[in-house]
Amino acid sequence: MGASMNTETASLQEKRREKRIREILSAALDVFTEKGYPKTTMDDIAERALLTRPALYKYFGDKQSILKALVEWKMEELIAEFEAIAGEGPEGFEPQLRRLVRSAIAFQKQNRGAFHALLTANSLPSLTKDERFVALKNRLVGVVAGILQAGIDAGEVRPEPAHDLAELFLSLLFHPAAKGFVEPDNEDAYDGRLIERVFLYGVAAR
């Protein structure tokens, strides 16, 4: 009985901690969006998350660790969206690709602050070596490669290596976030129709 109660208590504490971490990351995303990463301080994030600065440090040691956790959280969300699209049945390569593009464009618009923070934090080199980040990136590439491979098998896509095509597609797919960073008032930066046309023209078997 005592061991069971201890397990339940530990589980409840872990759930509360996870909830609090998500609240901190949501607060950080809001502040990054409003102020930009360089001007955001730990005090700003603590205030938005309704925490004291010492309390915030119980969860994260610095601003960059918050950004890393935020990027991982958002990558998990995007992977879940892509997996849902991939798992909705054999609707054909072209409709699935268009849905991937539109889902990713909407995701980038909703999370501009995270992308802008990532581009200004000088953290990309360290992230590319981080095991967790690499695993998430590989999962994302794998989902897209699976859709492309199905298209190749159905004769809808040129028979090129699916993994290479997936990486190329993702590089195109996240160009809007970089363009939106350079041109923050340009809503057209998040128009994915050109990506759809260019990629379909390049890989679809006609």
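The values are calculated or read from the model by the stated rules, or taken from the named source; none is laboratory data. As the structure is a computational prediction, the values presented were derived from the model and not from experiment. Positions of Cβ are backbone-derived with ideal geometry, glycine not excepted, and every protein chain shown enters the neighbour counts.
Looking only at segment 153-162, count how many residues are in a helix (DSSP H, G or I) and either in contact (Cβ under 8 Å) with a residue 24 or more places away in the chain or crowded, with 20+ Cβ neighbours inside 10 Å (or both).
1
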For residues in segment 30-43 being in a helix (DSSP H, G or I) and under 23 Å from the mean Cα position of the chain (by Cα), which is surrounded by the most Cβ atoms within 10 Å (Cβ to Cβ)? Phe32
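Here's the yes/no breakdown for (1) under 28 Å from Leu140 (Cα atoms); (2) modelled with pLDDT under 90:
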| site | (1), (2) |
| --- | --- |
| Met5 | no, yes |
| Leu25 | yes, no |
| Ala28 | yes, no |
| Met42 | no, no |
| Pro54 | no, no |
| Glu72 | yes, no |
| Ala84 | yes, no |
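Determine whether segment 82-94 contains at least one residue that is aliphatic (A, V, I, L, M) and either surrounded by fewer than 17 Cβ atoms within 10 Å (Cβ to Cβ) or not in a helix (DSSP H, G or I) (or both). Spell out how you get there, then give the answer.
Our first condition is that a residue be aliphatic (A, V, I, L, M); within segment 82-94, this holds for 84-86.
Then drop every residue that is not either surrounded by fewer than 17 Cβ atoms within 10 Å (Cβ to Cβ) or not in a helix (DSSP H, G or I) (or both), which leaves 84.
The answer is yes; a qualifying residue exists.
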Could you list, in sequence order, the residues of segment 108-135 that are among the hydrophobic types (A, V, I, L, M, F, W, C) and either surrounded by fewer than 19 Cβ atoms within 10 Å (Cβ to Cβ) or outside any helix (DSSP H, G or I) (or both)? Leu119, Ala121, Leu124, Leu127, Phe133, Val134, Ala135
Exactly one of these conditions fails for Ala80: (1) in the same structural domain as Asn111 (by TED's automatic domain parsing); (2) in contact (Cβ under 8 Å) with a residue 12 or more places away in the chain. Give me its number. (2)
